[in-house]
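The values are calculated or read from the model by the stated rules, or taken from the named source; none is laboratory data. This structure is a prediction, so every number in the text was calculated from the model and none was measured. When we count neighbours, we look across all protein chains shown, and the Cβ atoms used for this are built from the backbone with ideal geometry, even at glycine. All accessible areas refer to the heavy atoms of the entire protein, side chains included, with ligands and DNA or RNA removed. Shrake-Rupley method; radii C 1.70, N 1.55, O 1.52, S 1.80 Å.
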Amino acid sequence: MRGALFALALIAAPAGAAGDFAYTQRVGAGETVIDSRPLVDCKRASLPGARCLPAEEFLGPQRRLPSERDILWLLGTAGLAGSETALVVGQDATARDFVAGLLYLAGQKSVHILNGPMPRLDGRAEGGQERGMVRSAVWTAPMRDSLWVLGVDIVRDKPTLVDASGLKPTTADGVVIADDAYQAIARFTQLRAGQGIAVRVHPGSLALATGRAR
């Protein structure tokens, strides 16, 4: 299994986006694998050295994000400091893109997303590492604050809003909005990492952001 993965360990040049946040077709040598699949699947079998970080670990009621402090604490319990080159993998594209986007927004130095199915895992594959109850690393990377847009910023600045349900941005400085943080951040990743469009994101409710119910 490890030999097969080593054969894949060639970093593909990410296309259409900056190299620090982009999709890739291959597992890169030296990357820290973040497995976004449900915990039970990650613990059963994953890529060598993978950390299990399911999307639901970051979401509260109505798919709300926890506080900034709690997000960074959670990342520390997974042994992340923000200086790693992360490779996010998973079977569900939305969950994978949400986790990748949140890592990037939190300040992860470099985030690559494996675009497509994970390499085949056989019966000899080791399970991924579940995060601990306490931090095993201290997150030191500064958050990318300029990419987060709050409701008050939308009311004040009136940026172009990009509905995560599928509308395409008409400006490079659009702000992705959705009914919840999960959909908004996943769409942010698809546009910024996948298409190289310099969008930002409002990680909250569409109704709260626009002052209306959908």
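Summary of computed values
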quantity: Surface per residue (accessible, 1.4 Å probe) for the chain, Å²; calculated: 48 Å²
quantity: Value at 222 nm in deg cm²/dmol, rounded to 500, when DSSP H runs of n ≥ 4 in the chain each add -39,500 (n - 2.57); calculated: -7500 deg cm²/dmol
quantity: Mean Kyte hydropathy of 0.5 or more with a Cα span along the axis of at least 18 Å, helices from DSSP in the chain; calculated: 93-106
quantity: The chain - percent relative contact order, Cα under 8 Å, separation 6 or more; calculated: 24 percent
quantity: Efficiency of FRET from Cβ geometry, ASP20 and ARG156, R₀ 35 Å, rounded to 0.05; calculated: 0.75
quantity: Segment GLN62-MET133, extension gain: residue separation times 0.36 nm, minus the distance between their alpha carbons; calculated: 23.2 nm
quantity: Cα→Cβ-extended label distance, 7 Å offset, between SER83 and ASP173, nm; calculated: 3.5 nm
quantity: Local electrostatic count, PRO61, Cβ distance below 15 Å [Lys/Arg +1, Asp/Glu -1]; calculated: -3
quantity: Computed over region 15-63: relative contact order in percent, which uses C-alpha pairs under 8 Å that are six or more apart; calculated: 30 percent
quantity: Residues of type aspartates and glutamates that LYS43 reaches as a straight line, Cα spacing below 17 Å, ignoring anything fewer than 8 places off in the same chain; calculated: ASP35, GLU56, GLU57, ASP92, ASP122, GLU126, GLU130
quantity: Difference of contour (0.36 nm per residue) and Cα-Cα distance, ASP122 to ALA198; calculated: 23.5 nm
quantity: Contour minus Cα-Cα distance for SER165 and ARG44 (0.36 nm per residue); calculated: 40.2 nm
quantity: Label-zone membership for region 56-93, site MET143, 7 angstrom Cα→C-beta point, backbone N under 12 Å; calculated: 65-73
quantity: Surrounding net charge for TYR104, when Lys and Arg each add one and Asp and Glu each subtract one, Cβ distance under 10 Å; calculated: +2
quantity: Cβ-defined net charge surrounding SER46, 10 Å radius [Lys, Arg +1; Asp, Glu -1]; calculated: +1
